[in-house]
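Below is one structure, written out as structure tokens; comments come after it.
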Amino acid sequence: SNIIGTFNLLNASLELYCSLPKKKKQNFIFHHISTDEVYGSLGPEGFFDENTSYNPRSPYSASKASSDFLVNAWFHTYNLPVVVTNCSNNYGPWQFPEKLIPVTIDNALRGNNIPIYGDGLNVRDWLYVDDHVDALFQVICKGKLGSSYCIGGNNEKTNIDCAKEICLNLDKLKPKEFQYKKQITFVKDRLGHDRRYAINASKIREELDWEPKTNFSEGINKTVTWYLKNIDWITKMKERLY
């Protein structure tokens, strides 16, 4: 999907774009939403930005990098109006149940082990979904064509700390006879598991006047509260997935 799907979307969009009258062409944008995973893995310090060299280290991130390169090629070769955004890890309501935060909530509520890969010290920069939507809107409205923008939440957390904060919220919102964090279990690390991602979002802040509004504690409380009210939705999604 990341490679062939993007290729097909670009071709279809170019065909449409070329057929439009001049006035409508002025309002046409192909907005490609990508990920910070294309940049590889950071050490304990430093940040990704728009000038960071691509260094994907897993088949998935390599396929995402490929899609970014295709979009850039269609801009330079065919003058298709494009913008690219590379965002950090999203979280919030409606997130697909295979992701870390809904997996943690679901297992905690069902009394299952809460699996954490490796030593749990892999770091991600967490971006609340509403803040991401605001950033995308700013890029669509004011972004420079042919440019890329890194979008981050300024909320770096290790996976283990993320899971523990979820458990603390569950302890308050749906208490039981023991703390939820006792369900946390470390499992074999997944292949190609990058150690740390972190975004320097100064370009989008300075050019488009955007910055995240939601800190992790506030965002995770909203998220846990939503899933508590919509646990049946996770069950339905899992049935479709498996």
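The values are calculated or read from the model by the stated rules, or taken from the named source; none is laboratory data. The model shown is predicted, which means the values in this text are computed figures rather than measured ones. Using ideal geometry, Cβ is built from the backbone for each residue, glycine included, and neighbour counts are taken over all protein chains shown. All accessible areas refer to the heavy atoms of the entire protein, side chains included, with ligands and DNA or RNA removed. Shrake-Rupley method; radii C 1.70, N 1.55, O 1.52, S 1.80 Å.
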Mean separation of Cα contacts under 8 Å, 6 or more apart, over the residue count of the chain: relative contact order %: 26 percent
Return one whole number: the accessible area per residue of the stretch 1-84 in Å², for a 1.4 Å probe. 59 Å²
The alpha-carbon center of the stretch 39-87 and that of the stretch 195-220 are separated, in whole Å, by 18 Å
If each of S53 and N27 carries a label point 7 Å out from its Cα toward its Cβ, how far apart are those two points in nm? 4.3 nm
For T35, the residues 5 or more places away or on another chain with a placed amide H closer than 5 Å to its own amide H are C87
Extending each Cα 7 Å along its Cβ direction at L241 and V187, get the distance between those two points in nm, one decimal. 1.1 nm
Could you pull the Rg and Dmax for the stretch 1-142, using just the Cα atoms, both in Å? 18.1, 59
Does a label point 7 Å from the Cα of I140, set along Cα-to-beta-carbon, have any residues of the stretch 3-21 with amide nitrogen under 19 Å, and which are they? 9-10, 13-14, 16-17
So what are the ³J(HN,Hα) numbers for the stretch 176-185, from phi and the Karplus equation (6.51, -1.76, 1.60; θ = phi - 60°), rounded to whole Hz, Gly and Pro as x? 9, 5, 9, 6, 5, 5, 5, 7, 5, 9
Which order do L191, L168, L241, L136 take by accessible area at a 1.4 Å probe, largest first? L191, L168, L241, L136
Within straight-line cross-link reach of K176, lysines at Cα separation under 22 Å, skipping those fewer than 8 residues along the same chain: K164, K222, K229
Under a 1.4 angstrom probe, counting protein chains only, how are L20, L121 ranked by accessible area, largest first? L121, L20
In the stretch 24-85, what percent of the accessible surface is made up of carbon and sulfur (1.4 Å probe, ligands and nucleic acids excluded)? 49 percent
Leaving out ligands, DNA and RNA, and with a 1.4 Å probe, what % of the accessible surface on the stretch 105-242 is carbon or sulfur? 49 percent
Among G152, Y180, L168, the residue whose Cα sits farthest towards the positive end of the charge dipole of the stretch 142-242, when +1 is placed on the Cβ of each Lys and Arg and -1 on the Cβ of each Asp and Glu, is Y180
For a label point 7 angstrom out from the Cα of S217 toward its Cβ, which stretches of the stretch 135-164 have the backbone nitrogen within less than 20 Å? 153-164
Cα convex hull volume per residue for the stretch 132-242, in Å³, equals 174 Å³
Result for the stretch 158-242: accessible area per residue, probe 1.4 angstrom, in square angstrom, of 61 Å²
